[in-house]
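Okay, so here's the structure we're looking at.
The values are calculated or read from the model by the stated rules, or taken from the named source; none is laboratory data. Worth saying up front: this structure is predicted, and the values here are computed from it rather than measured. Quick reminder, even Gly has a Cβ in these numbers, built from the backbone with ideal geometry, and neighbours come from all protein chains shown.
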Amino acid sequence: MAIPDFQTLNRPLLEYAAGADERRLRDAHDALADAFDLSEEEREQMLPSGRAKLFYNRVAWAATHLKKAGLLEAKRRGVFAITDAGREAIKSGPARITNRYLERYQGFLDFRYQRNNGPADNAEESTPSSSSYDDEQTPEEVLEIAWKTIRGNLEIDLLDQIKQVTPDFFERLVVDVLVAMGYGGERNDAARAVGKSGDGGIDGIIDEDPLGLDVIYLQAKRWEGVVGRPEIQKFAGALQGRRAKKGVFITTSSFTREALEYASLIDNRIILLNGRRLARLMIDHGVGVSTASVYELKKLDSDYFLDE
């Protein structure tokens, strides 16, 4: 089944808490995953950032909202218990306990409208938008989805720009990306014979490491159409002529299924890098992009408050 959103987890989490004097959050993760019959793949599914498991994140946020409403209470780190208000919510509350339902509790209102430190400077800042009133995503999911959308748009813009540069500039760009990834040592002598090797299938050579213990052969082309198997075969043949085992074929377009299959079957290790992946690497390694804004997401350091 689909992974339930965090509001759907509110009542099951309350009912789980009601079954014992205290519950550990880590045990709640597994118990609710079992209750919803989640597959192993669903249990392991990550947030877009890859830093936390999606289902565990949703359980944690359900617990946070229930605590803010006073239906659960924190006993100690990672341990919670149901309150009398929580038992009453199980008894008289709806089948699906949502944020809208939780707004009958003052603690949740203070949390949701950020009123812990008095009134906000203006009404708009203290009121969530109607579109987010019953969001199925946790705040982290909303943040990461927005980040992923912005990054995706940047990849498209970056690739459009790459397609407009000259062939010589594109070859230099490729070298810049590889150097930023740790290949080739110093930028000034990173690549050799780029565009001048005279070998029909090779545009340049770059050291695999700063010491030059091994080399990687490059083919870097701005391509209008999809790159097919014949071009990869030509590149592989050029590598064999040099007794080379490693190559990177980079294009602004993409590769056919036959080209991908061929590259995966031959003895030479050839990496096929399409335009979208090149754009992602440029973003990851700061080539051709600059930082517009930085947002730090911090969490409570519980260890700091431990009384030695």
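Observations, loosely collected:
- Total residues in the stretch 35-71 satisfying the condition of being closer than 24 Å to residue 83 by Cβ and assigned to a helix (DSSP H, G or I): the figure is 14.
- Some residue of the stretch 218-227 being over 20 Å from residue 184 (Cβ atoms) and assigned to a helix (DSSP H, G or I): no
- Residue, farthest from residue 23 (Cα to Cα), within the stretch 69-111, restricted to residues that are basic (Lys, Arg) and out of contact with any Asp or Glu (no Cβ under 8 Å at 6 or more places or on another chain): 104
- Which listed residue, of 103, 73, is closer than 20 Å to residue 26 by Cα and without any contact (Cβ under 8 Å) to a residue 24 or more places away in the chain: 73
- Filter pass, residue 32 being free of Cβ contacts under 8 Å to residues at least 60 places away in the same chain and part of a loop (DSSP other than H, G, I, E, B): no
- Residue identified as exposed (fewer than 13 other Cβ atoms within 10 Å of the Cβ) and either at pLDDT 95 or above or among the charged types (D, E, K, R) (or both) among 76, 43: 76
- Pairs where the first residue, in the stretch 223-234, is in the same structural domain as residue 245 (by TED's automatic domain parsing) and the second is loosely packed, with under 14 Cβ neighbours inside 10 Å and part of a loop (DSSP other than H, G, I, E, B), C-beta under 8 Å, 6+ apart: 234/200
- Only one entry in 28, 89 is surrounded by 19 or more Cβ atoms within 10 Å (Cβ to Cβ), more than 22 Å from the chain's Cα centre (by Cα) and closer than 16 Å to residue 99 by Cβ, namely 89.
- Filter pass, residue 178 being modelled with pLDDT of 90 or more, under 14 Å from residue 285 (Cα atoms) and in a helix (DSSP H, G or I): no
- In the stretch 56-72, residue surrounded by the fewest Cβ atoms within 10 Å (Cβ to Cβ) [restricted to those that are more than 12 Å from residue 10 (Cβ to Cβ) and modelled with pLDDT under 95]: 60
- The residues of the stretch 1-23 that are surrounded by fewer than 16 Cβ atoms within 10 Å (Cβ to Cβ) and either within 28 Å of the chain's Cα centre (by Cα) or assigned to a strand (DSSP E or B) (or both), listed by number, are 1, 2.
- Residue that is surrounded by the most Cβ atoms within 10 Å (Cβ to Cβ), among those in the stretch 246-269 that are assigned to a loop (DSSP other than H, G, I, E, B) and modelled with pLDDT under 90: 268
Matching residues to (1) part of a helix (DSSP H, G or I); (2) of a type in the set (A, V, I, L, M); (3) within 27 Å of residue 222 (Cβ to Cβ); (4) outside the structural domain of residue 178 (by TED's automatic domain parsing):
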site: 271; (1), (2), (3), (4): no, yes, yes, no
site: 276; (1), (2), (3), (4): yes, no, yes, no
site: 280; (1), (2), (3), (4): yes, no, yes, no
site: 290; (1), (2), (3), (4): no, no, yes, yes
site: 298; (1), (2), (3), (4): no, no, no, yes
site: 303; (1), (2), (3), (4): yes, no, no, yes
